[in-house]
Amino acid sequence: KSKVSKGGKVVVPPGYLFLEGSLVMQNESIAPQEKEGGLSVVREKVTGAVYLFKKDELAKAIAAASVPSFNNLSVKIPNIENLTFTLEELPTGNPAETRAIRFTLNGDANIVWLYDATKLKGALVGKQKDDLLSILSSFPTIEKADLVIRPFWSGKFPDSMKKIIIKEGPLVNKALTE
């Protein structure tokens, strides 16, 4: 298995994820063929499959399983590659033809709810700064926002989306208490 898996590279299409441990191989010995001079040719047939996951669908599934109040909004898990994949049972038959697998993922996953920054900028253009809370209510994935308007005496957002800058803060790990 190690020689075969080291020789080939897993090509992962964009938007998909390969997790260590999701490579499954089955060996089948083929009857030796006798050759001249008392020699034999010994062969092995190796069938393998690599289970790839769509990153966004896996992130949603993890969020749904981990957060009791998950609202099915778009999420990402920036450190998803660091999760440990364990196949619960080896597939029977040809692993490349398997349609469902049982597996577990272990590790710390930072779930980040996504938002459309362009849509947010569009909603802020030309609005009064006092309207921020009502505007943010249309973006349920934004938990907190700090507002800085320059010059400080201006009471409204710029009239151009290009002049609105959104900076995302660091992720904050919160215990799941819901």
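The values are calculated or read from the model by the stated rules, or taken from the named source; none is laboratory data. Everything quoted here is computed from the prediction, not taken from an experiment. Cβ coordinates were reconstructed from backbone atoms using ideal geometry, including for glycine residues, and neighbour counts include every protein chain displayed. Areas reflect the complete protein model, heavy atoms only, side chains present, ligands, DNA and RNA absent. Shrake-Rupley method; radii C 1.70, N 1.55, O 1.52, S 1.80 Å.
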Which ones in region 79-113 are open to solvent by 70 Å² or more (accessible area, probe 1.4 Å), in a loop (DSSP other than H, G, I, E, B) and in contact with a strand residue (DSSP E or B) (Cβ under 8 Å, 6 or more places away or on another chain)? Glu88, Leu90, Arg102
State yes or no: is Asn72 over 17 Å from Gly21 (Cβ atoms), within 16 Å of the chain's Cα centre (by Cα) and of a type outside the set (A, V, I, L, M, F, W, C)? yes
In region 27-36, is there at least one residue being on the phi < 0 side of the Ramachandran plot, β-branched (Val, Ile, Thr) and modelled with pLDDT of 85 or more? yes
Search region 26-40 for residues that are closer than 22 Å to Leu90 by Cα and free of Cβ contacts under 8 Å to residues at least 40 places away in the same chain and pair each with any residue that is of a type in the set (Ser, Thr, Tyr) and surrounded by 10 or more Cβ atoms within 10 Å (Cβ to Cβ) when their beta-carbon atoms are under 8 Å apart and the residues are at least 6 apart or on different chains. Glu28/Thr47
Mind checking which residues of region 75-115 are within 18 Å of the chain's Cα centre (by Cα) and of a type in the set (Ser, Thr, Tyr)? Thr84, Thr86, Thr104, Tyr115
Residues being modelled with pLDDT under 85 and either closer than 18 Å to Phe103 by Cβ or open to solvent by less than 60 Å² (accessible area, probe 1.4 Å) (or both): count how many of those fall in region 2-21. 5
Can you confirm whether region 153-169 contains a residue that is open to solvent by 70 Å² or more (accessible area, probe 1.4 Å), more than 30 Å from Ala65 (Cα to Cα) and either in contact with a Pro (Cβ under 6 Å, 6 or more places away or on another chain) or at pLDDT below 90 (or both)? yes
Residue hits (region 131-147; of a type outside the set (S, T, N, Q), assigned to a loop (DSSP other than H, G, I, E, B) and open to solvent by less than 100 Å² (accessible area, probe 1.4 Å)) are Phe139, Pro140, Ile142, Ala145, Leu147
Starting from residues that are among the small types (Gly, Ala, Ser) and assigned to a loop (DSSP other than H, G, I, E, B), keep the ones in region 36-78 and report whichever is farthest from Asn110 (Cα to Cα). Ser69
